[in-house]
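Notes for the one structure printed next.
Derivation of every value follows stated rules applied to the coordinates shown; laboratory data play no part. All of these numbers come straight from a predicted model, not from anything done at the bench. No Cβ is skipped: glycine too gets one built from the backbone with ideal geometry, and neighbour counts run over all protein chains shown.
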Amino acid sequence: MIELKNVSKQYRQGARAVYALKDVSLSIQKGEFLSIMGASGSGKSTLLNLVGGLDQPSAGEVFINAKPLHGISDSELTLIRRRQVGFIFQFFNLLPLLTAIENVGLPLLVDGLPFTRVKPMAEAILHKIGLAARAEHRPEQLSGGEMQRVAIARALITNPAVLLADEPTGNLDSHTGEEILLLLKSLHEQGQTIIMVTHDSKAAAYGTRIITLKDGALSQDVAIGGPLA
Amino acid sequence: MSIKYALLGILAEKDLHGYEIKTSFDDKVGEFWSLNYGQIYSTLERLEKEDLVTHDRQAQDKRPDKKIFSITAEGRKQLEEWLAEPVSKLRALRDEFFIKLMFMDSNNPTAILELIEKQKALYLKQMNRLTQRKLALKKSAYNRHALISELLIDAGLFHSEADINWLTLCESKIKAAMTKNKLSR
Ligand SMILES: Nc1ncnc2c1ncn2[C@@H]1O[C@H](COP(=O)(O)OP(=O)(O)O)[C@@H](O)[C@H]1O
Ligand SMILES: [Mg+2]
């Protein structure tokens, strides 16, 4: 469903070039829960951003549902970004002046839908993840776990083909982090494809497959469920 | 180790036959600690000598009598004292992997790095299995026993995570030493 073919990403840091990703090929099936591990600086976020169309590879190709993310217009790319992928982040990235329900509805509001149509949809998702009572609260009035759940609701409102999570438990204590992982797992059980970046092996263990990046290259691919040795 | 107290703890709940003690042990902590019948019976024998456990005989048709074990008042007292004390020993570094690391050829760091890689993959698979057990547990009826089992699984996950982080550090230090040409002759 998601396909990376010989993808490399190079950044300029002053005079020198840094390879954030080196010739990564990877395919992710529909319904997979893929965990991506690796030390900080190993290229995890870069990989996620390329899949989500937030960034373009220096070489190689990325496909979502057989549609290439290269050689298309900016407006087509924006559309894929808005409709096909949902992002969640370590620091939640909610807009501080908006209420929870407005944050959740934001992806559809920027798409031009009127709030009267967006509101019931956002309410339904907030209800589903147990946050209905927090709909009118602003981020500063919410706990870390609640903010991340609002962010998950916002990512889901477009019914994306894939949910991309960058260190979703990185800023949460173990117990709250586990609640977020249980929520992601239940979404996965309902069929949601998920790619999650983490350096926490306890979080990675929720995946159905775990890959490890080392210095921008794919170093290990552990399929779960096979024999142990 | 504390097989002694595990057996006393099991018998404090209920009088049991030897094989029921094993079943109860496996059910409670089998995920992390495996005991065979021999260890259980020799410990029970010792506990009887110390008057912490006694047994009753139950006659069976055409088979030798069955022993039903129970805890004595002194056994209960020692168990309660033990339960109230925190554990003073650090987790023992007696992992088989440490022994392997110790005896691997330090002239061949590549082989060590390959072993580390395999070991990490194995830990990740085991962590995934533990997580699946935890998820199944959370879906089943929630009682006190399930909570304790979940907490033990969490302990297993935290320990494995520490092992993986330590292996990653080993990898990084061995590589740094290789580039400085310290290890590769
Ligand atoms: N916008 C950028 N400009 C320059 N270098 C970058 C940029 N983004 C990432 N990098 C570099 O690329 C490498 C991989 O970064 P990243 O994908 O963020 O790693 P991770 O998420 O695994 O910590 C790092 O060396 C980082 O410094
Ligand atoms: Mg990152």
TODO: Mind scanning A:Lys214/B:Lys138; B:Lys77/B:Lys125; A:Lys22/B:Lys180; A:Lys67/A:Lys214 and naming the pairs with a C-alpha gap bigger than 32 Å?
DONE: A:Lys214/B:Lys138; B:Lys77/B:Lys125
- [ ] Using only Cα atoms, tell me the angle between helix B:37-49 and the longest principal axis of chain B; keep it within 0 to 90° and round to the nearest 10.
- [x] 50 degrees
Open item on the list: If neighbour count is taken as other Cβ atoms inside 10 Å, put A:Glu32, A:Glu167 in order from fewest to most.
Closed with: A:Glu32, A:Glu167
TODO: Quick one: grab the alpha carbon gyration tensor of chain B, order the square roots of its eigenvalues as a ≥ b ≥ c, and give me rounded if a/c is under 1.5, else prolate or oblate depending on whether a/b is larger than b/c.
DONE: prolate
Open item on the list: With the crude spin-label approximation of a point 7 Å out along Cα→Cβ, what separation in nm comes out for B:Met104 versus B:Gln39?
Closed with: 2.7 nm
- [ ] Would you please name the trypsin sites (Lys or Arg not before Pro) within the range B:1-71 that are DSSP coil residues with at most 14 other C-beta atoms within 10 Å of their C-beta?
- [x] B:Lys14, B:Lys62
Open item on the list: For chain A, set up a GNM with springs between Cα atoms under 10 Å and report which of A:Asp215, A:Asp74, A:Asp55 has the largest fluctuation.
Closed with: A:Asp74
Open item on the list: Let me check I've understood the local charge: for A:Ile80, count other residues with C-beta under 15 angstrom from its C-beta, Lys and Arg +1, Asp and Glu -1. What total comes out?
Closed with: -2
Task: Square roots of five times the Cα gyration tensor eigenvalues for chain A, Å - done: 29, 21, 17
TODO: Please turn the phi angles of the range A:92-100 into ³J(HN,Hα) values with the Karplus equation 6.51 cos²θ - 1.76 cosθ + 1.60 (θ = phi - 60°), one per residue in order, whole Hz, x for glycine and proline.
DONE: 6, 6, 8, 7, x, 8, 9, 6, 4
Open item on the list: Pick from A:Gln29, A:Gln13, A:Gln56 the residue whose mean-square fluctuation is largest in a GNM of chain A, springs joining Cα atoms under 10 Å.
Closed with: A:Gln13
Open item on the list: Just to confirm the number: angle between the C-alpha axis of helix B:109-139 and the first principal axis of chain B, 0 to 90 degrees, nearest 10?
Closed with: 40 degrees
TODO: May I ask you to order B:119-131, A:131-143 by the average number of other C-beta atoms within 10 Å around their residues, highest value first?
DONE: B:119-131, A:131-143
Open item on the list: Quick check: pseudo-label points 7 Å beyond the Cα along Cα→Cβ at A:Arg138 and B:Asp65, how many nm apart are they?
Closed with: 8.0 nm
Open item on the list: Among B:Thr54, A:Ala132, B:Ile148, whose Cα projects farthest towards the positive end of the dipole of the protein assembly as shown, with charges put on the beta-carbon of Lys, Arg (+1) and Asp, Glu (-1)?
Closed with: A:Ala132
- [ ] Specify, per residue and in Å³, the volume enclosed by the convex hull of the alpha carbon atoms belonging to the protein assembly as shown.
- [x] 216 Å³
Task: Nonlocal amide H pairs with A:Thr193, under 5 Å, H built at 1.01 Å - done: A:Gly31, A:Leu163
Task: Anisotropy class of the range B:3-84 from Cα gyration tensor, a/c 1.5 cut - done: oblate
Open item on the list: For a quick check of your reading of the filter: which chymotrypsin sites (Phe, Trp or Tyr not before Pro) in the range A:1-93 sit in a DSSP loop and have no more than 14 other Cβ atoms within 10 Å?
Closed with: A:Phe91
- [ ] Could you work out how far apart the two model spin labels at B:Lys49 and A:Glu76 are, taking each label as a point 7 Å from the Cα in the direction of the beta carbon, and quote it in nm?
- [x] 8.3 nm
Task: Inter-chain Cβ neighbour average for residues A:205-211, partner chain, 10 Å - done: 4
Task: chain A: most fluctuating residue of A:Ile72, A:Ile152, A:Ile194 per GNM, C-alpha cutoff 10 Å - done: A:Ile72
Open item on the list: For chain A, take the longest principal axis of its alpha carbons; what is the angle in degrees between that and the long axis of helix A:144-156, to the nearest 10 within 0 to 90?
Closed with: 80 degrees
- [ ] Mind running the shape call on the range B:1-48? Use the C-alpha gyration tensor, a ≥ b ≥ c as the square roots of the eigenvalues: rounded below 1.5 for a/c, prolate if a/b tops b/c, oblate otherwise.
- [x] rounded
TODO: Going by C-beta contacts inside 10 Å, put A:Ser42, B:Ser34 in order with the fewest on the left.
DONE: B:Ser34, A:Ser42
